[in-house]
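Data first, discussion second: the structure below is written as structure tokens.
Each reported figure results from applying straightforward, stated rules to the coordinates on display, with no laboratory input. Keep in mind it's a predicted model, so treat the numbers as computed, not measured. Don't worry about glycine lacking a Cβ; one is built from the backbone with ideal geometry, like all the others, and counts go over all protein chains shown.
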Amino acid sequence: MPACPDGSDHVAILDGWYHQRYHAGMAMTLRLDEQETDALRRRAELEGRSMQDVARQAVRDYIERTSKRELLDRVLDDELPRYAEALERLGH
């Protein structure tokens, strides 16, 4: 993975002409500390994948997980009040 243009050891996820031509996406730079970079590098090597692929999958997993949690919270907020009295009686 190339170093950032400023010469730091941050992981740079860059969408250059390749990504603009072959992937519909937006450019982004992800700055990680040394420990995060090392952990990401080890994980990518273990999986035989690029650091970018591993990071992108982590973002997708996070979005899916939190989206499901938010949906469940909304359903519970809407439905629990309807059954509050019955739940209270069951709890005693």
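Listed values for the stretch 83-88 are Karplus-derived 3J(HN,Hα) couplings in whole Hz (6.51 cos²θ - 1.76 cosθ + 1.60, θ = phi - 60°), namely 10, 4, 5, 5, 5, 4, and x replaces Gly and Pro. Structural size metrics of the stretch 30-92, computed from C-alpha coordinates, are Rg and Dmax of 20.3, 55 Å. Annotation: amide H of LEU32 within the under-5 Å range of VAL11, sequence separation 5 or more or interchain, hydrogens built in the peptide plane. Given a Förster distance of 41 Å, report the FRET efficiency between LEU80 and ARG49 from their Cβ-Cβ distance, rounded to the nearest 0.05. Step by step, r from the Cβ atoms, then E = 0.45.
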